[in-house]
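One structure below.
Quick note: the coordinates plus some simple rules give every number you see, no bench work behind them. Because the structure is predicted, anything quoted here is derived from the model rather than measured. A quick note on method: Cβ atoms are made from the backbone with ideal geometry, for glycine too, and the neighbour counts reach across all protein chains shown.
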Amino acid sequence: MKIVDARGKLCPQPVIMTKKEADAGEKEITVIVDNETARENVLKFSNKLQFVTRSEEKNDGIYIYLNKEASDSCEAATEAAAEDSIKKLKQDKKGYVIGTDKMGKGSDDLGKILMKSFLYTLSETKPYPSFLIFLNSGVKLTTSGSESLEDLKKMEEAGVKIVSCGTCLDFFEIKSNLEVGKISNMYDIVETIAESDNAVMI
C-alpha cells in the first residue's frame, strides 16, 4: 500500500499527490490530510477514478483509504464514466471564471451594480455558458445575501455547471453560506478550464 502524507499541504496539492500515485498504477493508496476540505477534495477525485474509498479520523490526521477493485463490474463502471467524461467534454465549450464580486475598476458600488447586471443579462441570454467558476471574492456571489442568487439558480437549473472555490469560501469564512452550485478545488477548476474551448476571465 502506498502512503501519501499530504498534511500541511495547501489545495490542490493533496489531490495532485494522490493523482501522481494513481497515474503510476497504484491500486491501494492511503492519503493522510489534516483538514476537512482536503479530505473532501481527495474523496471527490478518488471517486471520479472509480476507487472504493473510506476515511477515518485519528489523533495525527484524517486517513483516507483508496482501493481500486479489479472486477468486471468496476471496469464496466470505469468505461461508462469515461464515456460520460467524453460527453461532458463535448458539452463544456465555453464558460466564465469570475474572480470578483464587482465588475471593472473604479467605484466599488458601481462595480457591484455592473456585476449584478452582467449575471442577470447572462441568465436572460441563450445559449447559456457551460460553466461558471467563482474565485476569490467572486464566491460571495454564490452565498447568502447575494443579489444574483435567483439568476444563478435559474442557470443552474438549466444545466449550467456552477462551482465555487473551497479555499476561497474558507478564507472569507462563508462556506456554510453557499446557496447555489457546488464547492470545488483548484484541480477540478483547472481541469474544467483546460477542457473548454473558451474560458473568459471576469
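Tabulated data for the structure shown
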quantity	calculated
Acute angle (nearest 10 degrees) that the helix 108-123 long axis makes with the longest principal axis of the chain, alpha-carbon atoms	70 degrees
Alpha-carbon centroids, region 132-161 and region 1-31: separation in whole Å	31 Å
Acute angle (nearest 10 degrees) that the helix 36-48 long axis makes with the longest principal axis of the chain, alpha-carbon atoms	70 degrees
Ala158-Tyr120 pseudo-label distance in nm [points 7 Å out on the Cα-to-Cβ vector]	1.6 nm
Inter-label distance, nm, simple model (7 Å from Cα along the C-beta direction), Leu110/Lys20	4.8 nm
Förster radius 22 Å - calculated FRET efficiency between Val200 and Phe172, Cβ distance, rounded to 0.05	0.40
Between helix 13-23 and the chain: long-axis angle, C-alpha atoms, 0 to 90°, nearest 10	50 degrees
Candidate values [x] 71, 43, 37; [y] 80, 36, 35; [z] 56, 39, 23, label of the one derived for Cα extents along the principal axes in Å	[z]
Ranked by how many other beta carbons lie within 10 Å on average, peptides 22-34, 162-174 from highest	162-174, 22-34
